[in-house]
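S.K.: Here it is, the structure in full.
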Amino acid sequence: MQTTECPDCVIEVQNLTKVYKMGEIEVHALRGVSFKIFKGEVISIMGPSGSGKSTLMNTLGCLDRPTAGAYFLDGELVSRMNDDQLASVRNRKVGFVFQSFNLLPRMTALANVELPLRYAGQRKGRLDIARQSLEAVGLADRIYHKPTELSGGQQQRVAIARALVNDPAILMADEPTGNLDSKSGKEIMELILRLNQTRGTTIIIVTHDPTVAAQTQRVIRLSDGLLVEESA
Amino acid sequence: MNFWQAILEALESVTANKMRSGLTILGIVIGVAAVIAMLAVGDGAQASITGSISGIGSNLLFVFPGNRQEEVRSVEPLTLSDAQALADVFQAPAVQDIAPVIADNLEVSYGGERRRVSINGVTPSYQPVRSYDLLEGEFISEDQILGKASVALIGVDVADRFFQRREAIVGETLRIEGQPFRIIGVLAPKGGGSFGSQDDVVLIPYTTAESRLIRRSRDQVDVIYIQSVDADSVTDAADQVTQILRARHRITIGPNDFTVFSQQDFVETARTITGVFTIFLGGIAAISLLVGGIGIMNIMLVSVTERTREIGLRKALGARRVDILIQFLTESSLLSLFGGILGIGLGWLIAYIVGLIAQANDTPFTPIVGLQAILMATLFSTAVGLFFGIYPANRAAGLEPVEALRHE
């Protein structure tokens, strides 16, 4: 039985390997990646397309399982969990922010933010918690607006409020500023960094943008499924 | 996620695309409406037919010679003395009155008009036993029986045909097989029974018929009508009649060589026939419900494909397999439940219109929309939605989150 060697780590990956089968051909997306992320860190993951960046993000976000290797998230061995256990871990420990926001268009901002609480099986006070989360991202006056009635920056704030509503161990942001103009993008980055400071949430940003990466404490670079550089 | 939330979310999603949802449930609406209307028409027909048989008289029995259900070697005919024996108060206390009849289709003519009509040789007791009323004139009397009088009573159909009127016919003379008969009365209409019109008849004295028109050997009769003392004693009367006739025909073992049939037996037979008819109609209608269900499955599959990204997102937020399954099953059941409710309304309307049309055509017939049919249609349509929702929902629940999120 594998155990975590690092009690202060939020994330510890040991020799992570992922092999996709595309018909007869095997594609090695990750070829043995190991690293640690400590509580409260802000990390960015960079790398060209095909480097295994997306695969690593999906694995860290508990959306996918590695072929081999161990992944500990907040002390739990995630790499051997079944689908429903993974769903539960995603719900409790991971908050997602996507490039294209991924809000449900028919629901209000409040209902969108409330959704993870519903899947958590929480019965009471859901709307209050969701409202507080929206207040924390500065959208207290927009809670009954639908996504189409909000600007891109505001939609991404709703997404961040939704990601934080279950108070997760990590916030996974996939190109969070990719669909925004530079001003809104800057505001979103400021918000994310502020939330890291005020709440101590560990943040992992996957990005192409060097200016975004420059704002993080550490950059993990991938190339051809291998960790090439870990710079501070 | 609790029950009400699942319903609310499903409602939101169903109403988000009203046109499509409407077209989807149309299949179920038509299916359920067809089931409801068919069952209503079937039940209505049953009620109408059994009702008109009951109109014959609930305490009436018929005795025919012969046995149609079992093989009998030598059939002894029913005779007038058999009939008289049945009238014995001591042996047959449940029998109120009897009316032996001989009948045949004979040619009736008046002026240039000629037609074959059912001629019945009857006794005065025929009137109370069959509960005929008279529009005018009077019934055949004992004297006319004894005198073998050439008199006749006619039904309204006969009156309409030959005289184009229903009154002031008494005193006219009809010819039956060329022999003149004076009309002494007109029977009040009884409506269409299940054995041909009861109004297309001519009644003449029994003795006259026997001696001059309908040759029967040894006092033979064709049918004996029996009136029991009340509706509850029909079975008793049938038993007593059977015993007397078996004794008189010297049958100790084996089947009867006659048939005792009560109005209730007719009702039973009619009910069986209309029951089969109703099941048949309902079955055809159920097929359209099935087609509606397949329509729901189709649309749900399209919906799952369209919302792949949404499903991926929900999974990323922590939805388990079962959460997605419930979401889509709720949607399909809700669709078909709506369809079911609308279908009940439409079916009711169709049944009502059928009733109006029937009334406009002088057919006393009211379709009956039973609570049972409504409950069945609701349950069945929801079950159809559930059943045909399983496959699409399963497909949605089985999507890989990574794949689903990447879907455009």
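S.K.: Filter A:K18/A:K186; A:K18/B:K315; A:K124/A:K186; B:K148/B:K190; A:K39/A:K124 down to the pairs with a C-alpha to C-alpha distance above 25 Å, please.
M.R.: A:K18/A:K186; A:K124/A:K186; B:K148/B:K190; A:K39/A:K124
S.K.: Give me a comma-separated list of calculated 3J(HN,Hα) values for the stretch B:376-382, in order, Karplus coefficients 6.51, -1.76, 1.60 applied at θ = phi - 60°, integers in Hz, x for any Gly or Pro.
M.R.: 4, 5, 5, 4, 5, 5, 5
S.K.: I'd like the Karplus ³J(HN,Hα) series for the stretch A:154-168: coefficients 6.51, -1.76, 1.60, θ = phi - 60°, whole numbers in Hz, and an x wherever there's a Gly or Pro.
M.R.: Once rounded to whole Hz, the list reads 5, 4, 5, 5, 4, 4, 5, 4, 5, 5, 9, 5, 8, 6, x.
S.K.: With N set to the number of residues, divide the alpha-carbon radius of gyration of the stretch B:301-408 by 2.2 N^0.38 Å and report two decimals.
M.R.: Normalised Rg, Cα atoms only: 1.60.
S.K.: What 222 nm value per residue comes from the helices of chain A, counting each DSSP H run with n ≥ 4 as -39,500 (n - 2.57) and dividing by all residues, nearest 500 deg cm²/dmol?
M.R.: Result for chain A: -10000 deg cm²/dmol, rounded to the nearest 500.
S.K.: If I fit a long axis through the Cα atoms of helix B:234-248 and take the longest principal axis of the Cα atoms of chain B, what angle between them do I get, 0 to 90°, rounded to 10?
M.R.: 50
S.K.: Out of all DSSP beta bridges with both ends in the stretch B:77-248, state the antiparallel percent to the nearest 5.
M.R.: About 75 percent, rounded to the nearest 5.
S.K.: When the Kirkwood hydrodynamic radius is evaluated over all pairs of different C-alpha atoms of the stretch A:1-56, what value in angstrom, to one decimal, is obtained?
M.R.: So the Kirkwood estimate lands at 13.1 Å.
S.K.: What Kirkwood hydrodynamic radius, in Å, does the stretch B:77-248 give when the mean of 1/r is taken over all pairs of distinct Cα atoms and then inverted?
M.R.: Answer for the stretch B:77-248: a Kirkwood hydrodynamic radius of 16.7 Å.
S.K.: From the phi of every residue in the stretch A:201-218, what ³J(HN,Hα) in whole Hz does the Karplus formula 6.51 cos²θ - 1.76 cosθ + 1.60 yield, where θ is phi - 60° and glycine or proline is x?
M.R.: 5, 6, 10, 10, 10, 9, 8, 9, 7, x, 5, 5, 4, 5, 7, 9, 6, 8
S.K.: If you don't mind, another one. Binned at 20 Å from 0, what are the whole-percent values of the Cα-Cα distance distribution for the protein assembly as shown, short to long?
M.R.: The distribution over the protein assembly as shown is 15, 28, 17, 13, 15, 10, 1, given as percents.
S.K.: Amide H neighbours of B:D97 under 5 Å, counting only residues 5+ apart in sequence or on other chains, H built in-plane at 1.01 Å?
M.R.: Residues meeting the criterion, in which the H sits 1.01 Å from N, are B:Q227.
S.K.: Here's something else I'd like to know. Output needed: percent of Cα pairs per 5 Å distance bin for the stretch B:75-178, bins running from 0 to the one holding the longest distance.
M.R.: For the stretch B:75-178, the binned pair fractions read 2, 10, 17, 22, 20, 12, 8, 6, 3, 1, 0 percent.
S.K.: Treat the stretch B:229-372 as a sphere of radius equal to its Kirkwood radius over Cα pairs and apply Stokes-Einstein at 4 °C in a medium of 1.567 mPa s; give the translational diffusion coefficient in µm²/s, rounded to a whole number.
M.R.: Estimated via Stokes-Einstein, D reaches 60 µm²/s.
S.K.: State the percent of C-alpha pairs, over all pairs in chain B, separated by a distance greater than 27 angstrom.
M.R.: Tail of the P(r) past 27 Å holds 65 percent of the pairs.
S.K.: Next question. Can you show me the helix-derived [θ] at 222 nm for chain B, built from DSSP H runs with n ≥ 4 at -39,500 (n - 2.57) apiece and divided by the number of residues, rounded to the nearest 500.
M.R.: Numbers: 12 runs with 217 residues, N = 408.
So the calculated ellipticity at 222 nm is -18000 deg cm²/dmol.
S.K.: Let me ask something additional. Rounded to the nearest Å, what's the spacing between the alpha carbon centres of the stretch A:89-115 and the stretch B:286-343? Just the number, please.
M.R.: About 22 Å separates the Cα centre of the stretch A:89-115 from the one of the stretch B:286-343.
S.K.: Let me ask something else about it. For chain B, calculate the relative contact order in percent as a whole number, restricting contacts to Cα pairs under 8 Å that are 6 or more residues apart.
M.R.: On the way: 756 pairs, mean separation 124.1, N = 408.
With pairs under 8 Å counted, the relative contact order is 30 percent.
S.K.: Around B:I176, what is the net charge, scoring Lys/Arg as +1 and Asp/Glu as -1 over all other residues with Cβ under 12 Å from its Cβ?
M.R.: So the environment of B:I176 carries a net charge of +3.
S.K.: Determine the percent antiparallel among the DSSP beta bridges restricted to the protein assembly as shown, to the nearest 5.
M.R.: Bridges in the protein assembly as shown are about 70 percent antiparallel.
S.K.: Can I ask one more? What number comes out for the charge environment of B:A188, summing +1 per Lys or Arg and -1 per Asp or Glu over other residues with Cβ under 15 Å away?
M.R.: That sum, taken over residues with Cβ under 15 Å, equals -4.
S.K.: Still on this structure, I have one more. Points 7 angstrom from Cα along the Cβ direction at B:V75 and A:M107: gap in nanometres?
M.R.: In this crude spin-label approximation the distance works out to 8.0 nm.
S.K.: Evaluate 2.2 N^0.38 Å with N set to the residue count of the stretch A:9-231, then give the Cα radius of gyration divided by it.
M.R.: Cα-based Rg divided by the globular estimate yields 1.01.
S.K.: Do any chymotrypsin sites (Phe, Trp or Tyr not before Pro) in the stretch B:37-125 lie in a DSSP loop with no more than 14 other beta carbon atoms within 10 Å, and if so, which?
M.R.: Numbers: sites: B:F62, B:F90, B:Y110; in loops: B:F90.
Passing sites in the stretch B:37-125 are B:F90.
S.K.: Taking the beta-carbon count within 10 Å as an exposure proxy, list B:M38, A:M189 from fewest neighbours to most.
M.R.: Ordered from fewest to most neighbouring Cβ atoms within 10 Å, B:M38, A:M189 come out as A:M189, B:M38.
S.K.: What is the mean number of Cβ atoms from other protein chains located within 10 Å of the Cβ atom of each residue in peptide B:399-407, rounded to a whole number?
M.R.: Mean partner-chain Cβ count within 10 Å for B:399-407: 4.
S.K.: Report, as an integer, the average count of C-beta atoms from other chains found within 10 Å of each Cβ along A:54-67.
M.R.: 2
Every read-out reported here was derived from the displayed coordinates using simple, explicitly stated rules and does not represent laboratory data. Every value quoted in this text rests on a predicted model; they were computed, and no experiment measured them. Methodologically, a virtual Cβ is constructed for each residue, glycine included, from the backbone with ideal geometry; neighbour enumeration extends over all protein chains shown.
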